[in-house]
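All of the numbers you see were taken from the coordinates with simple rules; none came from a lab. Note that the coordinates shown come from a computational prediction; the quantities given were computed from them, not determined experimentally. Backbone-built Cβ (ideal geometry, glycine too); neighbour counts: all protein chains shown.
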Amino acid sequence: MSERSTTGRWAPSPTGDLHLGNLRTALLAWLFARSAGGRFLWRFEDLDSAVRPQYYESQLRDVAALGLDWDSEPIRQRDRIELYRDAISDLRGRGLTYECFCTRREIAEAAAAPHGPSPEGAYPGTCRQLTRGERELRRRDGRPPALRLRVDATDSGHAELTVTDSQLGSYTGIVDDCVLQRGDDTPAYNLAVVVDDAAQGISQVVRGDDLLPSTPRQVHLAELLGVEPPSYAHVPLVLGPQGQRLAKRDGAVTLSDRRALGETPLDVTNLLLASLGLKPATSTQDLAAIAAVFDPAALPSQPWVCTPPTPPT
């Protein structure tokens, strides 16, 4: 990869209030970028039907309250549909796509079949070899097709690709015939994120390690589209008291919850800094000094188990 100045990003979905796990990852993404003297951008990944308008502002407000800042106005994926359509047209014109009529249930059943043709999580290539007549028959049944990437692999429709993560090292994962456009014509996540990272000049992606398996797919797509993929740093998630992924059912896990308990945004910032083994801040203005000495190599490698207090009834 060629030398590039650092540009990091934070890309939440505005489907609800950010919880402590989300805020901790935002803080880490900011620290990675600022410690390298880089830019930090905000992108709303809002192609999901569960998006609610009020959460655009509430998420911006909560992250700013913790002392984080960003460069330039946040962008919204819903305003960039034509960029994704152009990328899909490029791949389609090169014969790298095909229509898929499978339902989620059919895909799950194929993956669960004894001696199934694909590893867990990979699309089994069911619609890869459909004839024109078979596709027309499915259309008459009323199934709107999704559009999938045709991976240069076996007829099973998957291959493997090894990527290097700055925190986790070498990772080999599946590159399958992932969805590029859903049946309702909405561009899919893996395609949109690659197009956006390239268009914004993102050179560094810091995100939760639950997204690591999607990285080989995204790197492969970047290569097909002729853009340079960013570097990746996948960080441990925040877990709830029972060891499961943190969720709002776990108690006071949002900034507004903590404020209701009498905590300040600085208290929450320091809670997150402590979970990362970093010194506390006396004000949110101290974050720049903390970023100046931030060392990603010293970060904890295990998830943080958060036991939030329960709000008063």
Worksheet item: When you look at ASP90, is it surrounded by fewer than 21 Cβ atoms within 10 Å (Cβ to Cβ), more than 22 Å from VAL227 (Cα to Cα), of a type in the set (Asp, Glu) and touching a residue at least 12 places away in the same chain (Cβ under 8 Å), yes or no?
Response: no
Worksheet entry | Residue under evaluation VAL205, criteria (1) farther than 24 Å from GLY38 by Cβ; (2) in contact with a His (Cβ under 9 Å, 6 or more places away or on another chain); (3) of a type outside the set (Asp, Glu), criterion not met | (1)
Worksheet item: What tally of residues in the range 203-241 results from selecting those that are closer than 12 Å to ALA29 by Cα and of a type in the set (A, V, I, L, M, F, W, C)?
Response: 4
Worksheet item: Applying the selection to the range 245-267, what residues are out of contact with any strand residue (DSSP E or B) (no Cβ under 7 Å at 6 or more places or on another chain) and assigned to a loop (DSSP other than H, G, I, E, B)?
Response: ALA247, GLY251, ALA252, LEU261, GLY262, GLU263, THR264
Discussion item. I need the full set of residues from the range 190-201 which are in contact with a Leu (Cβ under 7 Å, 6 or more places away or on another chain) and either in contact (Cβ under 8 Å) with a residue 40 or more places away in the chain or surrounded by 22 or more Cβ atoms within 10 Å (Cβ to Cβ) (or both), in order please.
Written reply: LEU191, ALA192, VAL194, VAL195, ALA199, GLN200
Worksheet item: Here are ALA64, ALA50, ALA29: which of them is touching a Lys or Arg at 6+ places or on another chain (Cβ under 9 Å) and within 25 Å of ASP257 (Cα to Cα)?
Response: ALA29
Worksheet item: If you take the residues in the range 43-63 that are over 13 Å from ILE75 (Cα atoms) and among the acidic types (Asp, Glu), which one is surrounded by the fewest Cβ atoms within 10 Å (Cβ to Cβ)?
Response: ASP48
